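The values are calculated or read from the model by the stated rules, or taken from the named source; none is laboratory data. Here the structure is a predicted model, which means the values were calculated and not measured. Don't worry about glycine lacking a Cβ; one is built from the backbone with ideal geometry, like all the others, and counts go over all protein chains shown.
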C-alpha cells in the first residue's frame with residue numbers, strides 16, 4: 001500500500017526530506033522528545049487530513065488502486081445487514097475498525113472512488129480516508145490494553161462487530177494467535193463464549209481438544225473455560241503482548257503503527273514481539289512502522305531476517321535530524337562480542353554517549369555527572385556511559401557510534417600520549433579527526449611523550465601534566481585541547497585515581513572506586529554528602545557537557 005514515506009528534517013527554514021521505503025519494516029528511535037511518537041501521529045493524521053502542516057511528515061507516496069482493487073475492497077468489506085441499507089444507488093456500507101476494537105459500518109460513495117481513479121474527479125482526501133484509511137491500525141499504550149477487555153458476542157451470523165468476534169469466526173487466524181501466545185507464555189490463547197453476552201480472552205494450560213471444546217456452550221466447554229485463566233487477572237505484560245498480536249490478526253491491515261510496543265514487556269518478551277511483528281508484517285503484505293525505546297525490540301526485528309530500516313530522530317534548538325540506519329549495518333556491529341556486551345544499541349536512545357577505559361571509570365564519571373545535574377550544574381542530560389576494556393579498544397565503540405550519527409566522546413588516561421602507531425591512529429580516526437591532522441598531532445604527542453620521559457616519573461601516578469615545565473606544559477595542554485575539540489578528553493592529572501585527591505583515597509580501580517563512593521556519601525541531605533565545586537573532576541565533566549552542546 002505504501003511506496004515511500006518522506007520525512008522533513010533540518011532547520012525550519014531549510015528542511016530537506018528523507019525517503020523511507022514502504023516495503024521495509026521501519027523503526028523510529030532517538031532520545032526523549034525527539035519526535036518518535038509524533039511521527040506516528042502525523043502518519044495517522046495524514047489519512048484524515050493530508051493538507052495540514054506537519055512538523056516531521058512531508059508526504060506519503062501510496063500505490064494507486066485499480067478499479068479491480070476497489071471492486072475487491074467493496075466485495076470483501078461490504079456490510080450485508082438489513083439494518084444498513086444504502087440511501088441510494090452508488091452508495092455502500094463497509095466495515096471500519098475503530099480504535100477500541102469495535103467494527104462499525106461506514107457509508108461511502110462508490111461512484112466517487114471510480115471517478116477519482118479514472119481521473120474524472122480530483123478528491124485525493126476522499127480516497128485517503130475511505131480506502132487507504134480502512135487498512136490502517138494504530139496501537140499505543142492504552143489501546144493495546146483495551147483490546148483485551150471482554151467484548152459483546154453479537155450476532156455471529158452477520159458481520160463481526162469487534163475484533164474478538166472476528167477472531168472467534170476466523171479459525172485460521174485464531175490458531176496463529178494461539179501458536180504465538182504459546183511460544184511467548186507457554187499457555188494457549190482461547191476465546192471464551194460461555195458468558196453468553198460477552199466474549200472473553202483466556203489463557204489455558206491445555207490446548208482445546210477440538211473446535212467444539214472452545215466454542216460450544218455444553219458442559220465440556222464450560223469446564224474447559226472455567227479452568228483457564230481470565231486475561232484480566234494476568235500481568236500487564238501478558239495483556240500488552242496479547243492485545244497487539246490479536247489486533248494484528250483481527251483484520252487485513254496494510255499499515256501497522258505501533259507506539260512503544262515494548263511497554264510493560266520484559267526484555268526477552270520485547271525481543272520476541274519484535275521478531276513476531278517483523279515476521280508477520282511482510283507475511284500479511286503490511287508495512288510495520290514502530291517507535292521504540294527498546295534495543296531488545298530492535299534486535300528481535302533484526303533477527304527476523306527481514307529488511308529493517310532504523311530511523312534515528314533528534315530534536316534540539318528547533319533543529320530536527322533524521323538519519324537512516326540500515327539493519328545490515330547494525331547486524332554487522334552486533335556480531336562483535338565487545339559491542340554486543342556493552343549495550344551499544346542502547347546508545348540509539350540517548351543524546352550523548354561517554355566511553356571510558358574501564359567499568360570503574362564508567363561508574364565514577366556517571367556518578368559525577370548525576371550530581372552535577374542534581375545540584376543544577378552543567379551536566380550531560382540524556383546521556384549513556386559505556387566502557388571499553390582499555391584505551392586500545394575505545395575506538396571500536398567510538399567509531400561505530402559516530403557512524404550512527406550519535407554524539408560520542410571518550411575519556412582516556414594521560415598515558416595515551418605513549419600510544420603511537422595504529423593505536424593512536426585508530427583512536428583519532430574513530431573520533432573523525434581529519435586525516436591531514438593525524439600526523440601533526442602525532443608529532444606533538446611524541447614530543448609530549450619525551451617531555452614526560454625526561455622527568456623520570458610516572459605520568460599517571462605522580463601528577464600528570466603538573467610534572468612538566470611551563471613551556472612543556474603549554475604544549476601538552478595544547479594537545480589535550482585539540483583532542484577535546486573532537487571529543488577525546490584526556491585526564492590531565494593522570495588517571496581515574498588522580499581525582500579528588502583531598503580525600504586521600506588509596507587503592508586502584510574497583511577498590512579505589514568503592515572507597516571513594518563511601519567518602520562521597522549516598523544521602524544528598526547529609527552534611528557530608530559531596531556536592532559539586534569548581535574545578536577538579538567537576539570542571540572536567542562540565543567541559544565535556546559544553547562540548548556535547550556545541
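The set of residues in the stretch 379-427 being in a helix (DSSP H, G or I) and on the phi > 0 side of the Ramachandran plot consists of 421 alone. Of the residues 517, 503, which is more than 21 Å from residue 393 (Cα to Cα), within 36 Å of the chain's Cα centre (by Cα) and surrounded by fewer than 18 Cβ atoms within 10 Å (Cβ to Cβ)? Answer to the check: 517. Would you confirm whether any residue within the stretch 512-521 is under 18 Å from residue 373 (Cα atoms) and outside any helix (DSSP H, G or I)? Yes, that holds for at least one residue.
Yes/no per residue for (1) modelled with pLDDT under 90; (2) touching a helix residue (DSSP H, G or I) at 6+ places or on another chain (Cβ under 6 Å); (3) crowded, with 19+ Cβ neighbours inside 10 Å:
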residue	(1), (2), (3)
76	yes, no, no
80	yes, no, no
83	yes, no, no
90	yes, yes, no
99	yes, yes, no
105	yes, no, no
120	yes, no, no
128	no, no, no
149	no, no, no
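Taken over the stretch 41-72, residues that are touching a residue at least 60 places away in the same chain (Cβ under 8 Å), surrounded by 15 or more Cβ atoms within 10 Å (Cβ to Cβ) and either under 34 Å from the mean Cα position of the chain (by Cα) or part of a loop (DSSP other than H, G, I, E, B) (or both) amount to 8. Of all residues in the stretch 428-437, those satisfying the criterion of being surrounded by 12 or more Cβ atoms within 10 Å (Cβ to Cβ), part of a helix (DSSP H, G or I) and either modelled with pLDDT under 95 or within 35 Å of the chain's Cα centre (by Cα) (or both) are 428, 429, 430. So, of the residues in the stretch 219-229 that are out of contact with any strand residue (DSSP E or B) (no Cβ under 7 Å at 6 or more places or on another chain) and within 17 Å of residue 153 (Cα to Cα), which turns out to be surrounded by the most Cβ atoms within 10 Å (Cβ to Cβ)? The extreme case among them is 221. Quick check, is residue 288 crowded, with 23+ Cβ neighbours inside 10 Å, in contact with a strand residue (DSSP E or B) (Cβ under 8 Å, 6 or more places away or on another chain) and assigned to a strand (DSSP E or B)? The answer is yes for residue 288. When the strands (runs of 3 or more DSSP E) confined to the stretch 86-197 are screened for residues that are within 23 Å of residue 44 (Cβ to Cβ) and without any contact (Cβ under 8 Å) to a residue 60 or more places away in the chain, those reaching at least 3 such residues are found at 103-109.
Between 469, 392, 450, 422, the distinction of being in contact with a helix residue (DSSP H, G or I) (Cβ under 6 Å, 6 or more places away or on another chain) and in the same structural domain as residue 365 (by TED's automatic domain parsing) belongs to 392 only. Report yes if residue 422 is surrounded by 14 or more Cβ atoms within 10 Å (Cβ to Cβ), farther than 22 Å from residue 545 by Cα and modelled with pLDDT under 95, otherwise no. So residue 422 does not fit the description; no.
Among the residues making up the stretch 107-118, those that are closer than 18 Å to residue 63 by Cα and surrounded by fewer than 17 Cβ atoms within 10 Å (Cβ to Cβ) are 114, 115, 118. Residues in the stretch 373-388 that are surrounded by fewer than 21 Cβ atoms within 10 Å (Cβ to Cβ) and in contact with a helix residue (DSSP H, G or I) (Cβ under 7 Å, 6 or more places away or on another chain) were compared, and the one that is nearest to residue 345 (Cα to Cα) is 381. Looking only at residues in the stretch 315-342 that are more than 19 Å from residue 7 (Cα to Cα) and outside any helix (DSSP H, G or I), the one that is nearest to the chain's Cα centre (by Cα) is 342. Within the stretch 501-515, residues that are in contact (Cβ under 8 Å) with a residue 40 or more places away in the chain sit with their Cβ atoms under 8 Å from residues that are not in a helix (DSSP H, G or I), at 6+ positions apart or across chains, in these pairs: 509/358; 512/505; 512/506. Within the stretch 529-547, identify whether any single residue is surrounded by fewer than 16 Cβ atoms within 10 Å (Cβ to Cβ), over 21 Å from residue 379 (Cα atoms) and out of contact with any helix residue (DSSP H, G or I) (no Cβ under 6 Å at 6 or more places or on another chain), and answer yes or no. There is no residue in the stretch 529-547 that is surrounded by fewer than 16 Cβ atoms within 10 Å (Cβ to Cβ), over 21 Å from residue 379 (Cα atoms) and out of contact with any helix residue (DSSP H, G or I) (no Cβ under 6 Å at 6 or more places or on another chain). Is it true that some residue in the stretch 396-415 is crowded, with 22+ Cβ neighbours inside 10 Å, under 12 Å from residue 353 (Cβ atoms), free of Cβ contacts under 8 Å to residues at least 40 places away in the same chain and assigned by TED's automatic domain parsing to the domain that holds residue 477? No, there is no match, as no residue in the stretch 396-415 is crowded, with 22+ Cβ neighbours inside 10 Å, under 12 Å from residue 353 (Cβ atoms), free of Cβ contacts under 8 Å to residues at least 40 places away in the same chain and assigned by TED's automatic domain parsing to the domain that holds residue 477. For the stretch 358-370, a tally of residues being surrounded by fewer than 20 Cβ atoms within 10 Å (Cβ to Cβ), more than 24 Å from the chain's Cα centre (by Cα) and either outside the structural domain of residue 511 (by TED's automatic domain parsing) or assigned to a helix (DSSP H, G or I) (or both) returns 3.
Here the condition is being in contact (Cβ under 8 Å) with a residue 60 or more places away in the chain, buried (at least 20 other Cβ atoms within 10 Å of the Cβ), assigned to a helix (DSSP H, G or I) and assigned by TED's automatic domain parsing to the domain that holds residue 18; of 276, 271, 312, it holds for 276 alone.
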